[in-house]
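Readers should treat all values here as calculations from the given coordinates under stated rules, not as data from a laboratory. Quick caveat, the model's predicted, so the values are computed rather than measured. Note that we place each Cβ from the backbone using ideal geometry, even for glycine, and neighbour counts take in every protein chain shown.
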Amino acid sequence: MTAALDTDTALGKPIRRKEDAHLLHGQTNWTDNIQLPGTVHMAILRSPMAHAKITKLDVSGALKQPGVVAAYGAKELGELNGGVPCVWPVTDDIKMPAFPALAIDKVRQVGDCVAVVLATSVAAAVDALDAIEVSYEALPAVTDMEAALTSGSALVHDEIETNACYVYKMPCGDYEASRAKADVVVARRFINQRLIPTFMEPRSVVAAPMGMSDEITIWSSTQIPHILRVLLALVTGIPENNLRVVAPDVGGGFGGKLQCYREEILVTNLAKKLGRPVKWTETRSENMVATHHGRDQIQDIEIAATKDGKILGLKVTLLANMGAYLQIITPGVPLLGMFMYPAIYKMDSYDFTCTGVFTNKTPTDAYRGAGRPEATYAIERIIDELAAEIGMEPMELRKKNWITHEEFPYTTVAGLTYDTGNYEAATEKALAMFDYDGLRAEQARRRASGDPVQLGIGISTFTEMCGLAPSRTLGALKYVAGGWEHCTVRALPTGKIEVVTGTSPHGQGHETAWSQIASSILGVPVEDIEVIHSDTGRSPYGMDTYGSRSLAVGGQAIKAASERLVEKARVIAAHQLECSASDLEFINGSFHVKGDPSKSQALGAVAFEAFTAHNLPPGVEPTLQAEATIDPEDFSYPHGTHLAAMEVDTETGQVKLRKYVCVDDVGIQVNPMIVEGQVHGGVAQGIAQALFEGAEYDEDGNLLTASLADYLIPSAADLPSFDTGTTVTPSTSHPLGTKGVGEAGAIASTPAIINGIVDALRHLGVTDVAMPASPQTVWRTIQAAKAGAK
Amino acid sequence: MIPVEFDYVKVTTIDQAIAALKAGGEDSKIISGGQSLVPVLRLRMAEPSVLVDCGAIDEMLGVREDGGSITIGAATTHHAVMSNPLVQKHALLLAQATATVADPAIRHRGTTGGALAHADPAGDVPAAALALDASFTIAGPGGRRTVAAKDFFLDYFTTAVGPDEILVSFSIPKCDWGSHYAKFNRTAQAWAIVGVAAVVNVEGGVIKEARIGLTNMAPTAVRASTVEAALVGASSAADITAAAMHAADGTRATSDLHAKADYREHLARVITARAVRAASGI
Ligand SMILES: Cc1cc2nc3c(=O)[nH]c(=O)nc-3n(C[C@H](O)[C@H](O)[C@H](O)COP(=O)(O)OP(=O)(O)OC[C@H]3O[C@@H](n4cnc5c(N)ncnc54)[C@H](O)[C@@H]3O)c2cc1C
């Protein structure tokens, strides 16, 4: 596995990750490890009620407790009680209620911040919370999306007079005409349940006035230091130039740290007000209620087709749970799915409607895949149901309708143009790895013998749109920022290289992969390249890491900046070698005069010349560096075929994933080992949605799955070893030929699992299984089907 | 969260432990491996003023042979218990049940005696202790007493060990019957939805006697006595399945997020049949 560093081709090698040694040796610098002299610790009094009037709040008792420096409710905080921003107002008439960091007069979710205490130790701050006097008058909690939309429902926000946040429509073609032509119409309601992005490192934030200037430095366990800086400047009124945001080592995010959280606003404002460092780290219990959640959509989907399996049209009607407030891109998440319901299939029409709904629950927002897992789940599930309805093999139905590899670039009914793809090749490879025919034969045997353990095969042939995103497309969707990415590449006087990126890794391995890209262009060994990131003071420009964008967009910037650096170096080298720039070839990190092997100059030597500047060509500025800011031409469209063999114990409802095969096409792979790691993690997370995870609330809006004893996340012991493979169809709209991979596994795997379970039980009359497919749910589904069949 | 402030005392004899409990008054508590107590403290569901650590009392550590029984010190870790040769030879069911507790890290800290004293209805060890007819040695201000398994588990998180008392050890009559602990749960580290601990004496292909403990089917672990009686004379899978149909008789299963009571009862029947078949080889 270790790299024999052949500098010309570091690209594409499974080099071990540079960043892993410090992770494995406990040398990480988590935000909570940061200890600054004079720090005060913030503890938060959170609402135990989902919806209530705050009838009394008196923080004065806390002030008398040992170690307490300050205590605030919304009233005491006044102007400093900043509002949490939402940057994606998806429609002109969207309702955007205020979201103050500390609740004013009312609480709207369990976990709402009511008051804060600042003390010289965490323990003192937590103890003093007990001395705050607070009382509530309960209001009816809005917990059910459909009930929330009926007249007479209690309102989450009185002032906007409805629980409907927005209605978004995208009609493509004439669905009613397709429906009229169809022989079969299959309709289903799927529940894409609420999930909690359970990253390993809890959120943590430290803000400190830096003394010698007006600067406030904020260290936060965030995915988006650059965006956070802009938002904190807008929210707090602290001049942007005085704010520096650093994301130290960040232990996972999955979208949950793509946010400008109320705690970040409070800590920043309080550090400024108190003139000393303020620190807050969430407990796991806080994390479960106060970190944004993901998914939570009711999906009504209808597919119209001919009886021989030609898809004519698709209609999707969503209710998307916003939760109690809008956070950074809460309303936009379902729209990221909107484009993907038609997926890899050709059809004449597609009709999409989404209603965003307020409820007294934790706000939702991006979670690995953000909108596309929901879309992929619904389409891949309904395809299986259509296949069953018309009696066609589900893979045959897919083949009949998918875009063939000769048809790319292909503009889908939803208006996206997929640049490349080869669904046939990925599927063929996956079927061979899976032993599809052998498993189908075993399935038939088990059915015939009435085996209590039935076998099912689940298919998911997915694609997704990632690599967020072309700025003008984002603008058209009313997203208030661009989707470009920046890179500066610097050749230091000693020949070492700094790659300054605007992406912000939190586990993905950017330091290694970005070094490989730069190495392949500059001819400098990977270990001589330092990747600088996640600090607005050191890497001033960037749009950060989410939406599988870092390689797909940031990678292009690294390539472009590296190439520009070579071009500048070429001019200097030509001057030194006394030839014309066009006479030089750049091979393995050195410029060679064509036809004269004795004359050459290495990049490092050029860098030194650029540093001393003793002998530069006229008009060439000293120093050797180059930058590039790239706006991607289009989204990135990875795809693949995932297959799951599911065993279902019909006596208990227990489900076992016996075998999982996936073949992903993520285009050119910079580092296949990292690709495989991303696929593994993503697949595991998607399987977790299918089988284990699900945030549950009671009617009063209490989160029942409020600890990891009840919110089940699988460990390695609960999953088989996945068989992963790849096909390589380079992207033509991305100069490196790469596509995004960060979310693919999580998008693809969920429907494969549920399709497999339904396939195992279809002969018993089962046509759907709710997620998570817990043993009890599966057992009750079987009982209901048997009762129905009688 | 952070627990409320408390004092911590580490003792080396039973007498010191009893004295420390007494000195601490009502709010004092024993801490063993802390794997159940510390989460409770961190959630501030208990606010003891003093914790008495019994982890250095020799008598409470390790496993020894006592004629027809083996005796296990209450402060012996789950890991030490399940990997002990005496336990594996004479009380295999206990090793089997203990091996399903949580994960290796927790089993290296948590103690089997702590789990028994804690008496979580979803805990795996109590059902095994019941099926193995364990007896418990309890020490208190008034001296020592021995309590049989059937009288030990009283209610949710309540045992015969009084607030001023200590569980010193528990003894298990040597048992070489076939045994199996079947734990039904959703992820490897999760608590049992239902567990069945079975020891079965088979002679000539016929069940002579069976003892079955159920996990999480009542406020405490319970014996499935109707099944035990119905199993006598069983010699086929069908016999076992028929006997196991009584597994939920007399139980008081609760409903929670993972299972409603009726599903627990159904599982108890299915899992009991499977556990008995595995234990008996029939
Ligand atoms: C994540 C997690 C998962 C778990 N999963 C499981 C599981 O699947 N199955 C399972 O059975 N258990 C599980 N447990 C609990 C585990 O078995 C604990 O180790 C056990 O319940 C308590 O043992 P302990 O030594 O840690 O006791 P402690 O936590 O120290 O004490 C528990 C209670 O018993 C009392 N106590 C302890 N020792 C004595 C004594 N000698 N005399 C009198 N009172 C005493 C204490 O005062 C306290 O009230 C899990 C624990 C965790 C943290």
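Numerical summary
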| quantity | calculated |
| --- | --- |
| Hydrodynamic radius of the protein assembly as shown per Kirkwood, over alpha carbon pairs, in Å | 31.9 |
| Between segment B:25-91 and segment A:700-735, the alpha-carbon center distance in angstrom | 37 |
| Inter-chain Cβ neighbour average for residues A:281-288, partner chain, 10 Å | 1 |
| Under the Debye formula (equal points on every Cα, no solvent term), log10 I(q)/I(0) of segment B:7-53 at q = 0.20, 0.27, 0.28 Å⁻¹ | -0.60, -0.98, -1.03 |
| Neighbour-count order for A:S733, A:S707, A:S60, fewest beta carbons within 10 angstrom listed first | A:S60, A:S707, A:S733 |
| Order of A:T222, B:T137, A:T411 - criterion: other Cβ atoms within 10 Å of each residue's Cβ, fewest first | A:T411, B:T137, A:T222 |
| Euclidean distance between Cα centres, segment A:39-87 to segment A:429-473, Å | 51 |
| Three-way shape label, chain B, alpha-carbon gyration tensor, a/c 1.5 | prolate |
| Sorted by Cβ density within 10 Å, fewest first, the residues A:W30, A:W484, A:W514 | A:W30, A:W484, A:W514 |
| For segment B:178-280, size of Cβ-based charge dipole, Lys and Arg +1, Asp and Glu -1, in debye | 260 |
| Alpha-carbon centroids, segment A:256-283 and segment A:324-385: separation in whole Å | 31 |
| Principal-axis tilt of helix B:261-280 within chain B, Cα atoms, nearest 10 degrees | 70 |
| Relative contact order (percent, whole number), chain A, Cα cutoff 8 Å, 6+ residue spacing | 15 |
| Loop trypsin sites (Lys or Arg not before Pro), segment B:1-45, which have at most 14 other Cβ atoms in a 10 Å radius of their Cβ (DSSP) | B:R44 |
| Relative contact order for chain B, counting Cα pairs under 8 Å that sit 6 or more residues apart, in percent | 15 |
| Of A:P331, A:V524, B:T251, farthest towards positive along the dipole that unit charges on Lys, Arg, Asp, Glu beta carbons give the protein assembly as shown | B:T251 |
| Helix-only mean residue ellipticity at 222 nm for the protein assembly as shown, each DSSP H run of n ≥ 4 adding -39500 (n - 2.57), per residue, nearest 500 | -8500 deg cm²/dmol |
